[in-house]
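Undergrad: Shown below is the structure under consideration.
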Amino acid sequence: MRFIEVAVFCPVDTAFTYMWPEQLGDFPAPGCRVLVPFGRRTVMGLTLGPKAEVPCEQASKVRPVESLLDRAPLWDEASWQTWRWMAEYYHHPVGDALATTLPPALAKGETPACPTETLVDHSGEARYKPSPEAVVSTPSQKKVLKLLQGKREGLTRLELIEKSQSPRVVDMLIRTQVLVAQRRVCREVELNPDQAKAALAIRHSLGAFAVHLLDGVTGSGKTEVYMEAIAAVIAAGCQVLYLVPEIGLTPQTCARLEQQFEVCVMHSKLSEKDRMLAWSLAQGGKASVVVGTRSALFTPMPNLGLIIVDEEHDHSFKQESHLRYHARDVAIYLARKRSVPIVLGSATPSAESLRNALAGRYHHLKLPRRASGCELPTLEIIDAKSLPFPDGLSQPAINAIAATLAVGQQAMVYLPRRGFSHSIFCKACGWASECQNCSARMVYHRSVNKLMCHHCNDSSIIPRCCPNCADQLTPLGAGTERAEAALVDRFGRDRVLRLDTDVMTTPKALLEAFTRIRSGEPLVIVGTQMLSKGHDFPSVTLVVVTGTDSALFSCDARAAERFIQQVTQVAGRSGRSKPGRVFIQTSQAEHPLLQQLIKDGYHKTLFDLIVRYEEGLMPPVSAHALMTIETTGQFEGRSMLESVIDRINHPALLGPFPALMERKAGAHRYQAVVMATNRRERHMLLSRVKQEWRSMKSRYALIIDVDPCQFS
Ligand code: ADP
Ligand code: ZN
Ligand code: ZN
């Protein structure tokens, strides 16, 4: 009898042993899906490998595998080893970790089909024309084709849908390749010497593992460097994995890629059908470039030749629930295992990457100038300490916006808070709109006329007067909704556009907003973090940063780094093709971090932060992990963590302490940290913590976050 180890898709720490029944055929290789009995259910799992010994007395109790879903492993050996490493490194239950690597349809047991179809363009910018062999039968199909008669450039998907009013027919024609996207072979731009040097360095490194940090200021033309490298990889018959923080925010990049290469887009908002199709296209080698958000990392690519991680500093590469992995870090491991180069690109590299580049572990490729030749804007301060700005914008900021609109240009207001006001409160007795489930205030959203908690999504109606003393209530602080209202009052509805997740709920809305901004009409755009990510808006000549002061006082050790990244990124939206200005409105004009950023720029400021991390033995110099436990009882978590820490009694294991958000969604939260000098020590300590935790047989899960990005 032969036994097999299976990572069952459930949050239990260990793998399980099953019997391999002969009628299922040959013993499967690691990385195939199987269905196995688990308790009274049948569940999915991935095969890990043969189990050598099972004690005789237990052998008879081992249950057999029910069925095998894949004849061959889903990934190549090196990728599979990377996922196994990932589960270990992040100390996550192996079955649950491996389940993360599969798109939902595959995790449910569907078989990836051999694709005869193609993907519908998602950037909305590809232009379609009928393929030479196109044959159509139905009148509605004929109608769509007729629209294209005489259109030499073709039409975009949205244009076709608008004109034909039949979205399903259009998408079906694209899928079945009756309509095909037009590729432009010619290059639009000549690389400048810095770009050419960077592209050459990447090309020379193909075929072996290497990490490049493409450290290029905002607007320096990093995308063109990627394109050049991608073309070389594809010419050699290989595939490229291209990770971006958010797909909806990079339509221009997708469009640029789709014009030149066979691209498939992979992210969690795709329909299950499209995700399966993309998976199959990549696995079959039919897609040359896979562009996607962090989970695209797990797409099987048999001929992988290059990995690109754009905006590598961005925190959306870190998953903040379940398996808390960092896609950039796993991608680096994957590149090493698969012997391919990886390019990390950013205008504001993370401390991790810059430190590695300075130490010579990464190739440091620099693009110090903007491709347009425009100077980078300098940062100027609006000292708002003694100025009133109830709506988030002071008079000098409004004046600057007015002047920008008056000359027909665009302004951007970066305000990283959604909603109308941070809370509502009573001036008479101090009552404030607290969430009853969380240690947080409820945010006032005027458009839906509700108080909402951004942590547990609870909402409530707005009290007419103070529930305590019946006095009048006042909104406190300003979010994007309030700034928008003030700007509309001042400049009129037609001049103001808001960009945050409350209004940009569909890809179409976002695309329309981008099109409007790029049309260049005079406009003031107010928005959250959405504004700070990789867009190229040529007509923006003014950026106002506001509402960022709280970041200067955070207890999170790496908040300073995030602050300078965000300010530099948004500032970089200004003056891309005409000279621009950037104002930071703050009540903390003298804050040393802000002063240094203005005086020395991003790199020098980050460098000094790295020196501080080194002196204080903070991450990324040391190896940290955060453990959180969420309980119903107020002090349960504290006493459980206390006993684990006492039993292990190691100087690098500290706690317990209440979490920054002591209560969240009704649970009480306590934390402990491992502050180890190196990864090996951290790994050892976490293993011991888990062992102790198991022996306590607690009904609560211990949430482990390795290399935490945020403490909350
Ligand atoms: P980044 O990603 O580094 O911020 P982008 O790749 O978005 O910069 O490029 C910024 C702008 O510069 C784009 O409009 C791009 O078309 C243009 N550009 C890039 N490279 C060149 C070049 N060599 N010559 C002229 N324009 C360029
Ligand atoms: Zn009151
Ligand atoms: Zn809440």
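We did not get these values from a lab; they are worked out from the coordinates using the rules stated. Every value quoted in this text rests on a predicted model; they were computed, and no experiment measured them. Glycine gets a Cβ as well: all are built from the backbone with ideal geometry, and neighbour counts include every protein chain shown.
Undergrad: Over the chain, what is the relative contact order in whole percent, taking alpha-carbon pairs under 8 Å and six or more residues apart?
TA: 11 percent
Undergrad: So for the pair PHE553, GLN58, with labels modelled 7 Å out along Cα→Cβ, what separation do we get in nm?
TA: The answer from the label model is 5.6 nm.
Undergrad: May I pose another question? Amide H of ALA659: which non-local residues (sequence gap of 5 or more, or other chain) have their own amide H closer than 5 Å, using H built in the peptide plane?
TA: Those qualifying (amide H under 5 Å, at least 5 residues apart or on another chain) are ARG669, TYR670, GLN671.
Undergrad: With a 10 Å Cβ neighbour count serving as the proxy for reagent exposure, in which order, fewest first, do ILE645, ILE525 appear?
TA: Working: ILE645 18, ILE525 24.
Result, fewest neighbours first: ILE645, ILE525.
Undergrad: Straight distance only, please: which lysines reach the Cα of LYS142 with their own Cα at less than 25 Å, same-chain residues fewer than 8 apart left out?
TA: The reachable lysines, counting only those whose Cα sits under 25 Å from LYS142, are LYS129, LYS151, LYS163.
Undergrad: While we're on this one: Shape of segment 623-706 from its Cα gyration tensor (a ≥ b ≥ c, root eigenvalues): rounded if a/c is under 1.5, otherwise prolate when a/b > b/c, or oblate?
TA: Since a/c reaches 1.5 and a/b is larger than b/c, the shape of segment 623-706 is classed as prolate.
Undergrad: Which of the trypsin sites (Lys or Arg not before Pro) found in segment 421-479 are loop residues per DSSP with 10 or fewer other Cβ atoms within 10 Å of their Cβ?
TA: Details: sites: LYS427, ARG441, ARG446, LYS450, ARG464; in loops: LYS427, ARG446, ARG464.
Taking segment 421-479 and a limit of 10 other Cβ atoms within 10 Å, the loop trypsin sites (Lys or Arg not before Pro) found are ARG464.
Undergrad: Given the Cα-Cα distance of ASP646 and ASP608 and 0.36 nm per residue of separation, how much length would full extension add, in nm?
TA: On the way: separation 38, 0.36 × 38 = 13.68 nm, distance 3.66 nm.
Answer, rounded to one decimal: 10.0 nm.
Undergrad: May I pose another question? For the chain, give me the percentage of DSSP beta bridges that are antiparallel, rounded to the nearest 5 percent.
TA: 50 percent
Undergrad: With runs of 4+ DSSP H residues as the only contributors, calculate the mean residue ellipticity of the chain at 222 nm using -39,500 (n - 2.57) per run, divided by the residue total and rounded to the nearest 500.
TA: Details: 20 runs with 226 residues, N = 712.
Value at 222 nm, helices only, nearest 500: -9500 deg cm²/dmol.
Undergrad: What is the set of long-range amide H partners of VAL543 at a cut-off below 5 Å, with H atoms built 1.01 Å from backbone N?
TA: MET412, ARG581, VAL582, PHE583
Undergrad: Follow-up question, since we're still on this one. What is the sum of charges around VAL503, taking Lys and Arg as +1, Asp and Glu as -1, for the other residues whose C-beta is under 12 Å from the C-beta of VAL503?
TA: -3
Undergrad: ³J(HN,Hα) across segment 286-303 via Karplus (A = 6.51, B = -1.76, C = 1.60, θ = phi - 60°), whole Hz, x for Gly/Pro?
TA: Here the 3J(HN,Hα) series is 7, 9, 7, 10, 9, 9, x, 7, 3, 6, 5, 3, 8, 5, x, 9, x, 10 Hz.
Undergrad: Now for a separate question. Which distance in nm do the two modelled labels at ARG41 and LYS108 give, with both placed 7 Å along the Cα-to-Cβ direction?
TA: The answer from the label model is 1.5 nm.
Undergrad: Applying a 10 Å radius around every beta-carbon, put 275-284, 414-423, 75-84, 454-463 in order of their mean neighbour count, most first.
TA: 414-423, 275-284, 75-84, 454-463
Undergrad: Here's something else I'd like to know. Express in nm, to one decimal, how much length is gained between GLU272 and THR677 on full extension, taking 0.36 nm for each residue of separation and deducting their alpha carbon distance.
TA: On the way: separation 405, 0.36 × 405 = 145.80 nm, distance 4.30 nm.
Between GLU272 and THR677, full extension yields 141.5 nm more.
Undergrad: Sticking with this structure for a sec: Take ASP608, ASP707, ASP489 and order them by how many other Cβ atoms sit within 10 Å, fewest up front.
TA: Starting with the residue having the fewest Cβ neighbours, the order is ASP489, ASP608, ASP707.
Undergrad: Return the sequence-ordered ³J(HN,Hα) values of segment 644-656 in whole Hz as given by the Karplus equation 6.51 cos²θ - 1.76 cosθ + 1.60 applied to θ = phi - 60°, using x for Gly and Pro.
TA: These are the phi-based 3J(HN,Hα) values: 4, 5, 4, 5, 7, 6, 10, x, 8, 10, 10, x, x Hz.
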